[in-house]
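Visitor: Input: one structure, supplied below.
The values are calculated or read from the model by the stated rules, or taken from the named source; none is laboratory data. Model, not experiment: these values are computed from the prediction. Backbone-built Cβ (ideal geometry, glycine too); neighbour counts: all protein chains shown. Note: areas computed on protein heavy atoms with side chains; ligands, DNA, RNA excluded. Shrake-Rupley method; radii C 1.70, N 1.55, O 1.52, S 1.80 Å.
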Amino acid sequence: MRRIGMAPVAFGIGLFAAWETAVRLFKIPTYLLPAPSTILSAADRALAGHLLMTFSEALAGFAIASAIAFGAAVVFLRSPVLERGLFPIAIAVKTTPLVAIAPLLVLWLGTGWWSKVAAAALICFFPVLVNTVRGLKAADQEYRELFRAFKADEWQEFRKLRLPFCLPYLFAALKISSSLAVVGAIVGEFVGATQGLGYLIMVSSAHLDTDILFSGIFASAIAGIVLFQAIGWFEKRTVFWQKGEVE
Amino acid sequence: MRNLRMLSPELRPASAREFPCIETIDLGVQFGELSVLERINLRIAEGEFVSLLGPSGCGKSTLLRVLAGLLHASTGEVRVQGLPVGAAATDDGRLGLVFQKPLLLPWRNTLQNVLLPKELEHGGNAVGTLDRNQARKMIGLVQLEGFETSYPSELSGGMQQRVAIARALMSNPGILLMDEPFGALDEITREALNEELLRIWQSHETRLSTLVMVTHSIPEAVQMSDRIFVLAPRPARLVEVVDIPLPRPRSPEEPELARITAHVRRLMRSITCVA
């Protein structure tokens, strides 16, 4: 088990070592492909500031979207009319590319923090909604009969049957959204920002500061991984009975 | 009341026979155009162990659901102790229910699963010491001491069904309705659990007196019951009531039992051929 756990670390180190060697050996210019060591030295306090900004936007957008999507799913469960009416609209919003909507968000909410939060939220909303709707209906008809035989009221059925059955679905969605949230925030920053990893990537690519560009790319990956792992940590403690994965 | 089942029906006092424990009068169920049950008339006395026997998909599970009050009759009516389902006159009229699947909640251990009906009854998460003691007693009754903190995924199919029985007995029902309770288990486990069930039914630790079991197994029905209601399919209707006035435990080699088994088998074959 421990050996398998170490495998990704070993492969990661191997990849970076090969990369470093290749760049030095073939004397690849920095503006095309900087060596990992060069990228690391480009990581400074400014990068940390940009990372923190993007991370906070992603986290806020993720949290807001998840809360609203969960609430909407509960409403959909209670009202099939609303589900039938609003679901197509949710799909329409989902299928519209975020890059197309992002300029509008900046126009409405300004170039500051909130337009990025909105972009992150917009991209997180749909997976959580769809999976929660599915998860809340995951308890078999027979389980619901059992609860009816025990004269459970609707709240008890929700709290003690539907919600726990929904949790694996919810966490699967939260994992998807957590990585999407960072994408949303960065797309928002591309359109108009003075800070954040998206801004850093845009500016550094325009100046051919490829080492800074790479540091921005890695930082955004780290932001996504941290969020994803945090959700996974909570999942293991909450959905302890679930052995397999729910997609 | 408890000793009633020890007596033969003729010796029971008239008052107990006056109101059958469970009675259906011209009971019918339709799902849209489809008629599932047709003019079913059952009279089940208190203390009886009866089986509803029929081929798979003949509507016997539907019948049990109507008896349990989970489905409404389209025509006719169901009476428990002379009253509509759910309005039982005494505690002896309370229903317990066991499904074919154990239907345990995977995030709850044995004790928590058995306590579920009490939680739902009281509201909130609070269960008293009294309920806990009752739950431990029921877990003991189904011989699962030591597994109180095990989760369903750690239990075998037979053990899971034992937990389901303990859970059904939590409300101390006088009547237990079982829908092919051991149908999903292997033969050996099934026989062991059938013996267990008879032991629980005869034990004095519960109020349990009347038992209605849906089954499609002829040997099971003949081994276990005082009477077998044989149902023909599509729509389900009662074709014959078979009396088995034999003491328990019953050995399949007993000539009288073998004769009844052969009779029921012939009966079932004639039904199935028609269908």
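Visitor: Could you grab the relative contact order for chain B? Cα pairs under 8 Å, six or more apart, rounded to a whole percent.
Guide: On the way: 507 pairs, mean separation 66.7, N = 275.
Computed over chain B, the figure is 24 percent.
Visitor: Hey, got the average number of other protein chain Cβ atoms within 10 angstrom for residues in A:146-159? Walk me through the numbers on the way to the answer.
Guide: Working: counts 14, 4, 4, 13, 11, 6, 6, 2, 0, 1, 6, 1, 0, 2.
Rounded to a whole number, the mean comes out at 5.
Visitor: If you don't mind, there's one more thing I want to ask. When the C-alpha atoms of chain B are aligned to their principal axes, what extent does each axis show, in angstrom, from largest down?
Guide: Sorted from largest, the Cα extents of chain B read 51, 42, 41 Å.
Visitor: Now a separate question. Of A:175/A:236; A:137/B:118; A:236/B:118; A:160/B:60; A:137/B:60; A:137/A:160, which pairs sit farther than 21 Å apart, going by alpha carbon to alpha carbon? Let's see the in-between values first.
Guide: On the way: A:175/A:236 12 Å; A:137/B:118 24 Å; A:236/B:118 29 Å; A:160/B:60 30 Å; A:137/B:60 27 Å; A:137/A:160 13 Å.
From A:175/A:236; A:137/B:118; A:236/B:118; A:160/B:60; A:137/B:60; A:137/A:160, over 21 Å: A:137/B:118; A:236/B:118; A:160/B:60; A:137/B:60.
Visitor: Moving to a separate point now. P(r) tail for the protein assembly as shown, what percent of Cα pairs lie past 35 Å?
Guide: Numbers: 71563 of 135981 pairs.
Looking at the protein assembly as shown, the distances longer than 35 Å represent 53 percent of pairs.
Visitor: Mind checking the mean number of beta-carbon atoms from other chains within 10 Å of the Cβ atoms in B:115-121? Don't skip to the answer; put the middle values down first.
Guide: On the way: counts 0, 7, 6, 1, 4, 11, 4.
Averaged over the peptide's residues, the number is 5.
Visitor: Largest first, how would B:204, B:72 line up by accessible area (1.4 Å probe)? List each step's numbers first, then the result.
Guide: Numbers: B:204 115, B:72 155 Å².
Accessible-area ranking of B:204, B:72, largest first: B:72, B:204.
Visitor: Counting only other residues whose beta carbon sits under 14 Å from that of residue B:29, what net charge do I get with K and R as +1, D and E as -1?
Guide: Around residue B:29, the charge tally is +1.
Visitor: Moving on. If you fit an axis through the alpha-carbon atoms of helix B:110-122 and take the longest principal axis of the Cα set of chain B, what angle between them do you get, 0 to 90°, nearest 10?
Guide: 80
Visitor: Order of B:245-254, B:229-238, B:22-31, B:45-54 by packing, highest average Cβ count within 10 Å first? Show your work: numbers first, answer last.
Guide: Numbers: B:245-254: 10.8, B:229-238: 20.8, B:22-31: 18.1, B:45-54: 24.6.
In decreasing order of mean packing, B:245-254, B:229-238, B:22-31, B:45-54 become B:45-54, B:229-238, B:22-31, B:245-254.
Visitor: Can you tell which of A:26, B:63, B:116 lies farthest toward the positive end of the dipole of the protein assembly as shown, using +1 and -1 charges on the Cβ of basic and acidic side chains (Lys, Arg; Asp, Glu)?
Guide: A:26
Visitor: Could you give the length gained by full extension between residue A:48 and residue A:217, i.e. 0.36 nm per residue of separation minus their alpha carbon distance, to one decimal place? Walk me through the intermediate numbers first.
Guide: Working: separation 169, 0.36 × 169 = 60.84 nm, distance 1.26 nm.
Gain on stretching residue A:48 to residue A:217: 59.6 nm.
Visitor: Using the Cα centre as the reference, give the magnitude of the dipole from point charges on the C-beta atoms of chain B (Lys, Arg: +1; Asp, Glu: -1; all else neutral), rounded to the nearest 20 debye.
Guide: Details: 30 positive and 32 negative charges, 30 e Å.
In debye, rounded to 20, chain B gives about 140.
Visitor: What is the spread of the Cα atoms of segment A:1-93 along each of their three principal axes, largest first, in whole Å?
Guide: For segment A:1-93, the Cα extents along the three principal axes come out at 65, 39, 24 Å.
Visitor: Mind putting a number on the dipole of segment A:39-238 about its Cα centre? Charges go on the C-beta only, +1 for Lys and Arg and -1 for Asp and Glu, and I need it in Debye to the nearest 20.
Guide: Working: 16 positive and 13 negative charges, 141 e Å.
I would put it at about 680 debye.
Visitor: Say the dipole of chain B comes from +1 at the beta carbon of Lys and Arg and -1 at that of Asp and Glu; which of B:230, B:19, B:74 then lies farthest toward its positive end?
Guide: In chain B, that residue is B:74.
Visitor: May I pose another question? Just tell me which aspartates and glutamates come within less than 13 Å, Cα to Cα, of residue B:101; anything on the same chain fewer than 8 places away is out.
Guide: A:140, A:142, A:145, B:179, B:180
Visitor: What is segment B:187-255's relative contact order, in percent, from Cα pairs under 8 angstrom and six or more apart in sequence?
Guide: On the way: 43 pairs, mean separation 13.9, N = 69.
Reported relative contact order: 20 percent.
Visitor: Can I ask one more? Percent of Cα-Cα pairs more than 18 Å apart in segment B:153-236, please.
Guide: Considering segment B:153-236, 44 percent of its Cα-Cα pairs are separated by more than 18 Å.
Visitor: Right, here's the next one. Report the far tail of the P(r) of segment B:101-171, meaning the percent of Cα-Cα pairs longer than 22 Å.
Guide: Details: 270 of 2485 pairs.
Across segment B:101-171, Cα pairs with separations above 22 Å total 11 percent.
Visitor: Once the Cα atoms of segment A:39-238 are picked out, what are the Rg and Dmax in Å?
Guide: 19.8, 70
Visitor: Helix B:187-202 versus the longest principal axis of chain B: what is the Cα-based angle in degrees, 0 to 90, to the nearest 10?
Guide: Here the helix axis deviates by roughly 80 degrees.
Visitor: Further question on the same structure: Would you work out the charge dipole size for the protein assembly as shown about its Cα centre, treating the Cβ of every Lys and Arg as +1 and the Cβ of every Asp and Glu as -1, and quote it to the nearest 20 debye?
Guide: Numbers: 51 positive and 48 negative charges, 68 e Å.
Computed about the Cα centre, the dipole is about 320 debye.
Visitor: Name the long-range amide H neighbours of residue B:236: under 5 Å, sequence gap of 5 or more, or other chain; modelled H, no Pro or chain starts.
Guide: Amide H neighbours of residue B:236: B:37, B:38.
Visitor: Okay, moving on. Keeping every protein chain present and rolling a 1.4 Å probe, give me the accessible area per residue for the protein assembly as shown in Å².
Guide: 50
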